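Asks: If you scroll down you'll find the structure; I have some questions about it.
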Amino acid sequence: MRDETPPKKRGYQVPKFRPLATGKCPNCTTHVRFEGVSAKFAGGPWQQMIAQLEIEAPSQGVNPIEAITLSTAACPDCGALILTVEARESGFGASELGVEYVTWPLRAARPVPPEVPEHVRGDYSEAALVLNLSPKASAALSRRCLQAVLREAGGANQHDLSKQIDAVFPILPTYIGESVDAIRNIGNFAAHPLKDTASNQILDVEPGEAEWNLEVLEMLFDFYYVQPAQTQKKKAALDAKLASAGKPPMKSPPP
């Protein structure tokens, strides 16, 4: 006999990417209210606005029925489609608690400034690519990327991440320093002492924590790579103007 208890009482979790829900678009990362989409079904020319499509496998005796829910939405800002799949069990004895995966887009639109070195950009882009599929893997890649940035751009030559954070904390702007320092608490830092020395260790993290790692890296990209490059470009343009007027170039600050 099929369990007819309302989904809410069985612990069913409504997918977060659905029409009329608000959240951050995985395509453009803008905070929006999602819209419905138009679907065309095979065998018929008609279209209709849909939000969810539930699919169930045939029941085998008293075993739970394997089921998936396809959820669709669209971003009103960038116009891109969002498709999520929630896999779960239904039927007698099943909990109805599922795991939601974003199957489209495959990655968030997280452009990396051209001033960022290629090897750093590669780790960051891969961490963004697997964010929806595996937050744990994304966090491990972004921590490795963070260590490279702190060592190469921040001058933190320590071998473990915690000491690198201590080294750069006093020289970073307050809002960036506090954000970098907060990474210590991502993935239950205190419960995993090896996380200090093994930045690419795979540890449990929440999806929001893995995304926070990427946002902190974006702050550091701007501070260590983008702003210095823009300042140098402006200085070069001003020096050229001074030279054309027969004046000496600007003085550089002491190291």
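Asks: May I ask you to derive the FRET efficiency for residue 31 and residue 174 from their Cβ-Cβ distance with R0 = 25 Å, giving the value to the nearest 0.05?
Replies: With a Förster radius of 25 Å, E is 0.55.
Asks: Sticking with this structure for a sec: Obtain the nm distance between the two label points defined at residue 232 and residue 119 by a simple spin-label model: each point lies 7 Å from its Cα along the Cα-to-C-beta direction.
Replies: The modelled label-to-label distance comes out at 1.8 nm.
Asks: Using 7 Å Cα-to-Cβ label points, what is the residue 245/residue 83 separation (nm, one decimal)?
Replies: 6.0
Asks: Per 0.36 nm of contour for each residue apart, how much would the distance between residue 163 and residue 215 grow if the chain were fully extended, relative to their Cα-Cα spacing?
Replies: Extra length available between residue 163 and residue 215 comes to 16.6 nm.
Asks: Also: What ranking, highest mean first, results for peptides 234-246, 167-179 when packing means the other Cβ atoms within 10 Å averaged over each residue? It would help to have the intermediate numbers written out before the result.
Replies: Numbers: 234-246: 10.6, 167-179: 13.7.
Listed from highest to lowest mean packing, they are 167-179, 234-246.
Only the coordinates and a few stated rules stand behind these numbers; no lab work does. As the structure is a prediction and not an experimental result, all values here were calculated from the model. Cβ coordinates were reconstructed from backbone atoms using ideal geometry, including for glycine residues, and neighbour counts include every protein chain displayed.
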